[in-house]
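Notes follow once the structure below has been shown.
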Amino acid sequence: MKKNSPFYSYQGRNYLLPLLLITSLFFLWGFAHGILEVLNPHVQDAFQITKTKAALVQTAVYGGYFLMALPAGWIIRRYGYRRGVVTGLSLYALGALLFIPGAFVNSFYFFVFSLFVIGCGLTCLETSANPYVTVLGDPSRAESRINFSQSFNGLGWIVGPLVGGQLLFSGASIALPYAIVGVVVLLVALVFVRVPLPEVADASEHPAESSLRPSAGGGLLNLPFVLGVVALFLYVAAQTGVNVFFINYMTEMADISKKTAANWLAFGGMGLFVAGRLSGSWMMNRISPCRLLGGYALLASLATGVIVWATGWVTMAAFFVVYLTESIMFPTIFSLALGRSGGQTKRASAILIMTIVGGAVAPLLMGHIADVTGSMASAFVIPLLCYLGIMLYSAFTEAVR
């Protein structure tokens with residue numbers, strides 16, 4: 001194996017090209033999630049509904065993760081990573097193109113169904129791509145590699161609210177951005193139908209390579225893996241809640257327009273999110289991923305406390321700290337938990353992807369708290385508790401590694 005390169009396997013095979021191809025997919029699902037953050041406040045106005053009901057936008061997508069994760073895991077175990085990717089892209093394109101007839105029906109619940117189909121497609125993509133990146137090279141560099149790929153996911157999070165904000169808050173049809181995305185994703189699916197990708201077996205099928213990662217007794221029923229599942233659920237809940245209500249918070253607490261808030265979200269919040277993942281990928285070659293995760297979780301907790309209890313523009317700075325520090329959390333927790341899966345990479349990936357249902361739970365809770373209390377700030381207690389839980393997980397993982 002070539003030393004100091006995360007792209008070479010234990011046997012010396014270069015996986016850089018397939019890694020770059022798969023990494024391009026991270027942008028596509030980042031865009032899908034990013035545009036949701038402006039879609040939520042848009043439907044509040046377009047359909048004159050409460051924050052709680054508008055949270056069904058996120059519930060539909062993230063609920064799709066919970067229901068589709070195990071079938072997606074079966075697809076990649078039975079047919080391989082490439083089939084999982086193509087299935088995901090096809091469902092993603094279908095759901096996006098359903099927005100075209102949805103514009104004529106003009107039903108909130110039809111749009112919710114379309115988003116559910118997109119969510120099922122994103123589930124297949126993430127269930128395939130996330131573990132695939134971790135096995136495409138040196139196992140000891142998996143955390144660094146997945147943070148690199150997830151940086152392109154962050155770019156999608158920048159473009160999503162930027163494009164969505166410019167179109168939706170300027171009077172364009174809700175179908176327009178999704179119709180464009182549907183066509184693009186369909187073309188990408190056709191590319192992956194024709195491009196062969198190397199199949200990499202689970203670590204348990206490569207004893208020499210498996211020995212480079214921590215073992216986990218009892219298969220998936222071991223405490224480090226189970227706690228990783230819980231931590232990932234908490235992270236997705238926190239991230240989704242912060243993203244969904246950023247625009248609502250800034251329009252109510254900082255008195256700025258929704259279009260301006262969308263631009264701050266795209267360039268400020270998501271820009272720092274990408275910077276955090278890129279710098280985090282580099283830092284993990286020098287600092288223990290567990291320690292870096294714990295330090296960032298502490299900073300995210302403190303910043304979220306400011307969002308809950310402070311007022312004015314200082315809260316904007318606190319949001320930026322949250323976006324910077326939460327950047328490494330998903331890929332790092334995912335990789336750490338996967339390393340405790342006893343070599344059952346594909347099955348463990350499906351279970352970990354199911355935790356993304358946290359994104360369906362947090363917006364509903366936060367929307368309800370905001371509607372009942374009349375205070376958007378009080379709802380951010382939910383992500384605060386989540387970041388504290390992640391900090392405890394990192395401390396436990398560092399102690400037992």
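The table below gives the values:
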{"item": "Candidates ALA300, ALA310, ALA55, ranked by Gaussian network fluctuation over the chain, Cα under 10 Å, top entry", "result": "ALA310"}
{"item": "Candidates VAL163, VAL244, VAL183: whichever shows maximal mean-square fluctuation once the chain is modelled as a Gaussian network with Cα springs under 10 Å", "result": "VAL183"}
{"item": "Pairs of lysines in the chain (C-alpha under 30 Å apart; 8 or more residues apart or interchain)", "result": "6"}
{"item": "Added length on full extension, which subtracts the Cα-Cα distance from 0.36 nm per residue, SER140 to LEU302", "result": "55.2 nm"}
{"item": "Between the stretch 43-73 and the stretch 155-181, the Cα center-to-center distance that results, in Å", "result": "18"}
{"item": "Full-extension gain in nm, THR50 to THR311, via 0.36 nm per residue minus C-alpha separation", "result": "91.6 nm"}
{"item": "Mean Cα-pair separation over length for the chain, i.e. relative contact order, pairs under 8 Å, 6 or more apart, %", "result": "27"}
{"item": "Label point distance in nm, LEU385-PHE110, each placed 7 Å from Cα along Cα→Cβ", "result": "3.8"}
{"item": "Among (i) 30, 59, 11; (ii) 24, 43, 23, 9, 0; (iii) 27, 55, 17, 1, 0, the entry that matches P(r) over Cα pairs in 20 Å bins from 0, in percent as calculated here", "result": "(i)"}
{"item": "Spin-label model distance (nm) - PHE396 vs VAL184, 7 Å beyond Cα toward Cβ", "result": "3.9"}
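Only the coordinates and a few stated rules stand behind these numbers; no lab work does. Predicted model, so just to flag it, every value in this text is computed and none were measured. For neighbour counting, all protein chains shown are included, and Cβ atoms are generated from backbone atoms with ideal geometry for every residue, glycine included.
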